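Worksheet for the structure shown next.
The values are calculated or read from the model by the stated rules, or taken from the named source; none is laboratory data. Since the model is a prediction, treat every value here as computed from it, not as a measurement. A quick note on method: Cβ atoms are made from the backbone with ideal geometry, for glycine too, and the neighbour counts reach across all protein chains shown. Heads up: the accessible areas ignore ligands, DNA and RNA and are worked out on the full protein's heavy atoms, side chains in. Shrake-Rupley method; radii C 1.70, N 1.55, O 1.52, S 1.80 Å.
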Amino acid sequence: MNDTRAYLNGQFLPLSQARVPVLDRGFLFGDGVYEVIPAYGGRLFRLDQHLERLENSLRAIRLEPPLTRAQWREILTELLDGAADQAVYLQVTRGVAPKRDHAFPPVVEPTVLAWAFAIGTAAPAPAKAITHEDIRWQWCHIKAITLLANVLLRQEATERGCQEAILIRDGRITEGAASNVFAVVDGVIVTPAKGPHLLPGVTRDLILELARELALPCQERDLDAAELARAEEIWLSSSTRELVPVVELDGEAVGDSRPGPLWRRLYRAFQDYKRRFREQAP
Ligand code: PDD
């Protein structure tokens with residue numbers, strides 16, 4: 001960890017030496033947004049989509065983007081360690097205010113922090129999940145650093161021997177504590193439609209793109225908890241875990257308790273897509 005290179009407010013330095021004042025609004029209020037961007041072969045994957053979502057998150061919390069897309073690209077690429085599979089964590093907070101006050105401070109520089117970390121290269125292990133009431137706020141389309149509910153939900157899953165909590169709001173699936181959810185229902189790939197109650201996942205969009213290229217039937221629509229309970233397959237998508245098959249939900253087998261055939265096809269398509277991406281030298 002010590003020699004991980006970080007970027008903090010215009011400077012590169014070791015992550016272990018990066019310091020933020022305690023009056024930073026990210027620390028006091030969770031007043032900030034973030035992104036997690038994977039990189040393969042030394043290239044940031046789906047960078048434009050991640051930066052577009054970052055700009056949307058910033059706009060939603062009324063912060064001006066502190067850097068241009070070209071500047072983000074340059075800084076984040078600089079943090080990568082050769083061609084290893086990595087992801088960059090990037091966060092922007094409203095900055096250090098002169099005093100603790102909920103309302104925005106009059107003038108303040110946002111705090112920008114980023115560093116890269118290794119991500120797994122092996123195929124994901126099949127996962128177990130629980131379902132849980134979605135106890136989060138109403139603006140889950142913003143990738144806010146304010147993640148206490150997500151933390152508690154993931155911890156609940158962990159303590160019950162599972163890897164993810166799949167969230168239910170008003171009888172409908174929204175997403176996982178840190179992932180988007182897909183289910184295969186009567187042979188059709190279903191994922192909840194975008195809206196304020198879920199994060200518009202970059203991996204989610206790519207999975208839909210690949211499914212459509214393979215001419216697999218898919219729908220973006222409401223997904224009932226009852227449909228999830230009888231789904232033939234369930235998958236979780238995220239930038240760090242790609243596409244994970246869920247083989248047990250609330251202690252019950254999903255399908256025949258093994259990753260399903262549609263997961264295998266999409267996982268393979270995802271790996272092929274990554275291989276082509278790696279081969280396209282910058
Ligand atoms: N989380 N939904 C939530 C609540 C998430 O936190 C994430 C990702 C996703 C998937 O989005 P994407 O495919 O763009 O990574 C959906 C990241 C990886 C994290 O918090 O570490």
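Residues in the range 162-190 that are buried (at least 18 other Cβ atoms within 10 Å of the Cβ) and in a loop (DSSP other than H, G, I, E, B): C162, Q163, A177, A178.
Per the listing R62, R73, the residue uniquely of a type outside the set (A, V, I, L, M), on the phi > 0 side of the Ramachandran plot and open to solvent by 70 Å² or more (accessible area, probe 1.4 Å) is R62.
Sort through R136, R212 and tell me the only one that's part of a loop (DSSP other than H, G, I, E, B), modelled with pLDDT of 95 or more, charged (D, E, K, R) and touching a strand residue (DSSP E or B) at 6+ places or on another chain (Cβ under 8 Å).
The unique qualifying residue is R136.
Check the range 56-75 and report whether any residue there is of a type in the set (D, E) and free of Cβ contacts under 8 Å to residues at least 60 places away in the same chain. Within the range 56-75, one or more residues are of a type in the set (D, E) and free of Cβ contacts under 8 Å to residues at least 60 places away in the same chain.
Listed here are the residues, each with its yes/no results for (1) touching a helix residue (DSSP H, G or I) at 6+ places or on another chain (Cβ under 6 Å); (2) aliphatic (A, V, I, L, M); (3) within 11 Å of the ligand (Cβ to nearest atom); (4) at pLDDT 95 or above.
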residue	(1), (2), (3), (4)
G120	no, no, no, no
N150	no, no, yes, yes
R160	no, no, no, yes
L167	no, yes, yes, yes
G171	yes, no, no, yes
G187	no, no, no, yes
A193	no, yes, no, yes
L198	no, yes, yes, yes
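If you go through the range 66-117 and keep only what is within 16 Å of the ligand (Cβ to nearest atom), aromatic (F, W, Y) and part of a loop (DSSP other than H, G, I, E, B), you end up with nothing. Among the residues of the range 133-150, the ones that are surrounded by fewer than 20 Cβ atoms within 10 Å (Cβ to Cβ) and touching a residue at least 40 places away in the same chain (Cβ under 8 Å) come to 8 in all.
A Cβ distance below 7 Å, combined with a sequence gap of six or more or placement on separate chains, defines the contacts here; from the range 154-182, residues that are in contact (Cβ under 8 Å) with a residue 60 or more places away in the chain and in the same structural domain as K143 (by TED's automatic domain parsing) reach residues that are among the basic types (K, R) and assigned to a loop (DSSP other than H, G, I, E, B) in the pairs S179/R241.
Quickly run through the range 123-160 and pick out the residues that are polar (S, T, N, Q) and under 17 Å from L199 (Cα atoms).
Q138, T146, N150
The set of residues in the range 215-250 being of a type in the set (G, A, S) and assigned to a strand (DSSP E or B) consists of S237, S238. I need the full set of residues from the range 127-161 which are over 30 Å from L51 (Cβ atoms) and of a type outside the set (A, V, I, L, M), in order please. Matches in the range 127-161: K128, T131, H132, E133, Q155, E156, T158, E159, R160, G161. The requirement of being more than 29 Å from E209 (Cα to Cα), aromatic (F, W, Y) and out of contact with any His (no Cβ under 6 Å at 6 or more places or on another chain) is fulfilled somewhere in the range 4-19, by at least one residue.
Against the numbered list (1) free of Cβ contacts under 8 Å to residues at least 60 places away in the same chain; (2) closer than 16 Å to E78 by Cβ, A6 comes up short only at (1).
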